[in-house]
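Taking it in order: structure first as structure tokens, then the write-up.
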Amino acid sequence: ETGVTQTPRHLVMGMTNKKSLKCEQHLGHNAMYWYKQSAKKPLELMFVYNFKEQTENNSVPSRFSPECPNSSHLFLHLHTLQPEDSALYLCASSQDLGTGEETQYFGPGTRLLVL
Amino acid sequence: GQNIDQPTEMTATEGAIVQINCTYQTSGFNGLFWYQQHAGEAPTFLSYNVLDGLEEKGRFSSFLSRSKGYSYLLLKELQMKDSASYLCAVRDGDYKLSFGAGTTVTVRA
């Protein structure tokens, strides 16, 4: 257990569906991240939030929409996805940004399959 | 862009030692991390190096040479549970991590 939980763990959706991924951290951290992990490829940073404010959008298509209502919760809203979006989506959190305490702790991920 | 290279796969015998190399070319450098990821699970933090030299944590050690853009993770007294993917990641600024594709280590009896 890393203190970061994600639901659902597995998700199958059609290209016309709308779904949401949820992440919750119990570590008292202020920064949260979404990553995409495709097979045999490096983790790709998607979004970063610090104190609920988005600080990074790494050229992610608009069919992915993040939401951070508070420092403990992070959502990724999905709509009209493509089959190539099938991947493991990982959430992470860290104490802060830019203070030297940025070791990131990851959740178990949501395995997404788009049909 | 950032370039993090590590071998794709390694195989070793239980009780042996394995060294996973990582080379990097990044626009900046503010620390190097190693993570372990078992299949279907979260990456878990193993080690952090920001200064040159060796950091030892039990059976795992990590080394960094900033001038060479090089790090390695050393796994000693290998156990079956060490079979996993090992991710090298470089922080090039305040917080952004650039990851390698991971090295899958298989430990055989």
(message) Anything in segment B:20-70 that is more than 13 Å from chain A (Cβ to nearest Cβ), surrounded by 13 or more Cβ atoms within 10 Å (Cβ to Cβ), part of a loop (DSSP other than H, G, I, E, B) and touching a residue at least 60 places away in the same chain (Cβ under 8 Å)? List them, or say none.
(response) B:Phe29
(request) Within segment A:11-51, track down each residue that is within 13 Å of another protein chain (Cβ to nearest Cβ), touching a helix residue (DSSP H, G or I) at 6+ places or on another chain (Cβ under 9 Å) and either not charged (D, E, K, R) or not in a strand (DSSP E or B) (or both). (result) A:Ser38
(request) Filter segment B:93-109 for residues that are within 14 Å of chain A (Cβ to nearest Cβ), over 11 Å from B:Tyr24 (Cα atoms) and of a type in the set (S, T, N, Q) and give the result. (result) B:Thr103, B:Thr104
(request) Could you check how many residues of segment B:5-19 are of a type in the set (S, T, N, Q), surrounded by fewer than 19 Cβ atoms within 10 Å (Cβ to Cβ) and either under 16 Å from the mean Cα position of the chain (by Cα) or farther than 24 Å from B:Lys81 by Cα (or both)? (result) 3
(request) Check segment A:74-88 and report whether any residue there is within 11 Å of chain B (Cβ to nearest Cβ) and surrounded by 15 or more Cβ atoms within 10 Å (Cβ to Cβ). (result) yes
(request) Take A:Asn58 and decide whether it is buried (at least 17 other Cβ atoms within 10 Å of the Cβ) and within 14 Å of chain B (Cβ to nearest Cβ). (result) no
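Please go through segment B:71-92 and give me each residue that is within 14 Å of chain A (Cβ to nearest Cβ) and within 14 Å of B:Tyr35 (Cβ to Cβ), ordered by number.
Those that are within 14 Å of chain A (Cβ to nearest Cβ) and within 14 Å of B:Tyr35 (Cβ to Cβ): B:Ala84, B:Ser85, B:Tyr86, B:Leu87, B:Cys88, B:Ala89, B:Val90, B:Arg91.
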(message) Please pick out the residue among A:Leu88, A:Leu97, A:Leu76, A:Leu113 that is touching a strand residue (DSSP E or B) at 6+ places or on another chain (Cβ under 6 Å) and assigned to a loop (DSSP other than H, G, I, E, B).
(response) A:Leu97
(request) From (1) surrounded by fewer than 13 Cβ atoms within 10 Å (Cβ to Cβ); (2) within 21 Å of A:Ser38 (Cβ to Cβ), pick out the condition that doesn't hold for B:Gln2. (result) (1)
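Tell me which residues, restricted to segment B:86-97, are touching a residue at least 40 places away in the same chain (Cβ under 8 Å) and either under 15 Å from B:Leu64 (Cβ atoms) or surrounded by 21 or more Cβ atoms within 10 Å (Cβ to Cβ) (or both).
Answer for segment B:86-97, where residues must be touching a residue at least 40 places away in the same chain (Cβ under 8 Å) and either under 15 Å from B:Leu64 (Cβ atoms) or surrounded by 21 or more Cβ atoms within 10 Å (Cβ to Cβ) (or both): B:Tyr86, B:Leu87, B:Cys88, B:Ala89, B:Val90, B:Arg91, B:Asp92, B:Leu97.
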(message) If I filter segment A:20-43 down to residues being closer than 18 Å to A:Leu113 by Cβ and surrounded by fewer than 17 Cβ atoms within 10 Å (Cβ to Cβ), which single residue comes out as nearest to the chain's Cα centre (by Cα)?
(response) A:Lys22
(message) As an exercise: evaluate A:Gln6 against (1) under 10 Å from the mean Cα position of the chain (by Cα); (2) among the polar types (S, T, N, Q); (3) surrounded by fewer than 17 Cβ atoms within 10 Å (Cβ to Cβ) and give the number of the one condition it does not meet.
(response) (3)
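None of the figures in this text is laboratory data; all of them are computed from the coordinates on show. Just so it is clear, the model here is predicted, and its values are computed rather than measured. Cβ atoms come from the backbone with ideal geometry, glycine included; neighbour counts cover every protein chain shown.
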